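**Q** A single structure is presented below for examination.
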Amino acid sequence: MSEISQEIAQRMATLLSGSIKGVGFYPSGHPAILNPLQEIVTIVETALRAHPEVRLGVVDGVLFVEKQLFFAPSTSIEELATRLQEKEITGIILSPGINVSGLARFVTLLGKNQLKAEQINTEISSQGITGLSIITAMDEDQEEIQQEEACLRTRHEALETVEQIFREVELGRIPGSDRISTVVREMASLAVKDSAALLALSMIKDYDNYTFNHSVNVGVISMTIASHMDLGREEIETVGMAGFLHDVGKVRIEKSILNKPGKLTTIEYEEMKKHTESGIEIIVKMKGINPKVAQAVLGHHIGYNRKGYPEWAREMPFTSMSEIVAAADCYDAITTVRVYQKSYNPREAIAHLQTIAGSYLNGDIVDKFKEMMGPYPVGTVVRLDNNEIAIVYRPNLQVSEAPKVKIVMDAAGKRLAIPLRRKLVDEKGNTYARIVAVVDPLVKNIDIAGCLNMSSAR
């Protein structure tokens, strides 16, 4: 089992909820408590064969088990979500070492009304409960910061690796795949674990190293789309690799054409179109690269309507991977300022993708992309009804119109040295502020990438 299915996730949450309720009626060693917990441990141990940990918890009021979210929960699952929120627990991490005895003691702690997260955390440590830890509401911001820092480190490694590959090809060498394969695996884990933090990295735009930066961004966006589409781990890694390498063939294009600031002539454009074919010639010679990567690279300019290039490949049976890379490629390109084009903001970019859905892009993939991004995509600069200026950094799964934001300018228009994290609507329904407009970051001279990837105050 590579991923926990909706059915298994529901079973696991239901068993946990029932066990917590049961400790009020039975002693912790009673079969009515231990049998359900043994089933939970079995589920977790099976999942741990493919993953380093299993997480469940509450995000924006919605209970989740790994990637499974319960927007219309059963009574028992709703009771579990309520219990965790009352305890100020936002997440439970189950890892190797989990056992029935420790889980029974943890369930007993959850069943005690007077105990809160901090006290439960102390008891977990003092009782020597292994394979189990909790994330508290107080820890939530800090965990987000740690995730963002991990994503940033991995992106930096990806950028260096992609640049190294392009340089080696430029020198006539066939690069190895070990380093980039390691980076892809790490990023795939981040895409599954925290796609919002990873997606924020795609707002980093390095105009002096556009080709390398664009390649990394396309890989990042491709993996987040694939994760949101619930594709398997291998497919997420494959489409990420294709994103990183989709433009490697451009190394063989004349620099005068590649870096031309204006519109290409017909002859120049025909030369530029050869980069997909050059790309697969390079990729198939790289040891350890899945053949599906070359196919996705070849097809990312074919178009959903099969009117793209190379013309001879239009009738080939391309998979959704090339279409995911095509959507990611288009999105990153149009959200990047170039000499010859004004960039779209993230919201405008999604709207533009919708205009070419069903023709150049696969409409189903664009719909999934839009669903993932929400009405205010990560990176959108907004004005709040209290006159503060903020950047959206995470969607809100429960209230899509109220994403998480980082305040970058106060109501008086003063720029904040460190952005402030805010939930526009919290788990209890309390409203901090409402979005009233989308703002052009250039008008306010806001560095979106810098603000998104800066450690924030609470």
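Laboratory data are not the source of any read-out in this text; all were calculated from the coordinates shown. This structure is a prediction, so every number in the text was calculated from the model and none was measured. Every residue, glycine as well, gets a Cβ built from its backbone with ideal geometry; the counts of neighbours run over all protein chains shown.
**Q** Can you check what the net charge comes to around I33, using other residues whose Cβ is under 12 Å from the Cβ of I33 (Lys, Arg +1; Asp, Glu -1)?
**A** Values: positive: K21, R105; negative: E39.
So the environment of I33 carries a net charge of +1.
**Q** Let me have the 222 nm mean residue ellipticity of the chain computed from DSSP H runs of 4+ only, each contributing -39500 (n - 2.57), with the sum over all residues rounded to the nearest 500.
**A** Theoretical 222 nm ellipticity from helices: -15500 deg cm²/dmol.
**Q** As a test, work out the antiparallel percent of DSSP beta bridges whose residues both lie in the chain, rounded to the nearest 5.
**A** Percentage antiparallel, nearest 5: 95.
**Q** Further question: Once you wrap a convex hull around the alpha carbon atoms of segment 306-434, what is its projected area averaged over all directions, in nm²?
**A** Numbers: hull surface 41.1 nm².
For the Cα atoms of segment 306-434, the hull's average projected area reads 10.3 nm².
**Q** How long are the three semi-axes of the equivalent ellipsoid for segment 381-452, computed from the Cα gyration tensor as the root of 5 times each eigenvalue, in whole Å, largest first? Walk me through the numbers on the way to the answer.
**A** Numbers: eigenvalues 79, 29, 24 Å².
Values for segment 381-452, descending: 20, 12, 11 Å.
**Q** How high is the relative contact order of segment 47-206? Use alpha-carbon pairs under 8 Å, at least six apart in sequence, and give a whole percent.
**A** On the way: 149 pairs, mean separation 29.5, N = 160.
This gives 18 percent for segment 47-206.
**Q** Here is a further query. Nearest 10 degrees is fine. How inclined is helix 117-126 to the longest principal axis of the chain, computing both from alpha carbons?
**A** 80 degrees
**Q** OK, next. I want the local charge near R185. Using Cβ-Cβ distances under 12 Å, sum +1 for each Lys or Arg and -1 for each Asp or Glu among the other residues.
**A** Working: positive: R179, R233; negative: E157, D178, E186, E234, E237.
In short, -3.
**Q** For R55, what is the net charge nearby, where nearby means another residue's Cβ is under 12 Å from its Cβ and Lys, Arg count +1, Asp, Glu -1?
**A** Working: positive: K67, K193; negative: E53, E66, E143, D194.
Surrounding charge for R55 is -2.
**Q** In addition: List the relative contact order of the chain as a percent without decimals, with contacts defined as Cα pairs under 8 Å and 6+ residues apart.
**A** Working: 754 pairs, mean separation 50.2, N = 458.
With pairs under 8 Å counted, the relative contact order is 11 percent.
**Q** Let me ask something else. Using alpha carbons only, how many degrees (0 to 90, rounded to 10) separate the axis of helix 210-228 from the longest principal axis of the chain?
**A** In the chain, helix 210-228 runs at an angle near 40 degrees to the longest axis.
**Q** What fraction of the DSSP beta bridges in segment 303-458 is antiparallel, stated in percent and rounded to the nearest 5? Mind showing how you got there, number by number?
**A** Details: 18 of 20 bridges.
The antiparallel fraction comes to roughly 90 percent.
**Q** Please compute P(r) over all alpha-carbon pairs of segment 186-250, binned at 10 Å starting from zero, and give each bin as a whole-number percent.
**A** 26, 52, 21, 1
**Q** Mind scanning K205/K444; K368/K444; K67/K116; K67/K406; K250/K368; K250/K285 and naming the pairs with a C-alpha gap bigger than 20 Å?
**A** Working: K205/K444 18 Å; K368/K444 31 Å; K67/K116 26 Å; K67/K406 25 Å; K250/K368 29 Å; K250/K285 16 Å.
Pairs exceeding 20 Å: K368/K444; K67/K116; K67/K406; K250/K368.
**Q** Give me the distance in nm between label points sitting 7 Å out from Cα along the Cα-to-Cβ direction at E123 and K428, one decimal.
**A** Rounded to a tenth, the inter-label distance reads 2.3 nm.
**Q** I'd like the Kirkwood hydrodynamic radius of segment 141-373, using the inverse of the mean 1/r over distinct C-alpha pairs, in Å.
**A** Working: mean 1/r = 0.0567 Å⁻¹.
Result for segment 141-373 stands at 17.6 Å.
**Q** Hey, another quick one. Quick check: the angle from helix 363-373's long axis to the longest principal axis of the chain, C-alpha only, nearest 10 degrees?
**A** 50 degrees
**Q** Using square roots of five times the C-alpha gyration tensor eigenvalues, list the equivalent-ellipsoid semi-axes of the chain in whole Å, biggest first.
**A** Numbers: eigenvalues 363, 142, 68 Å².
Value: 43, 27, 18 Å, ordered largest first.
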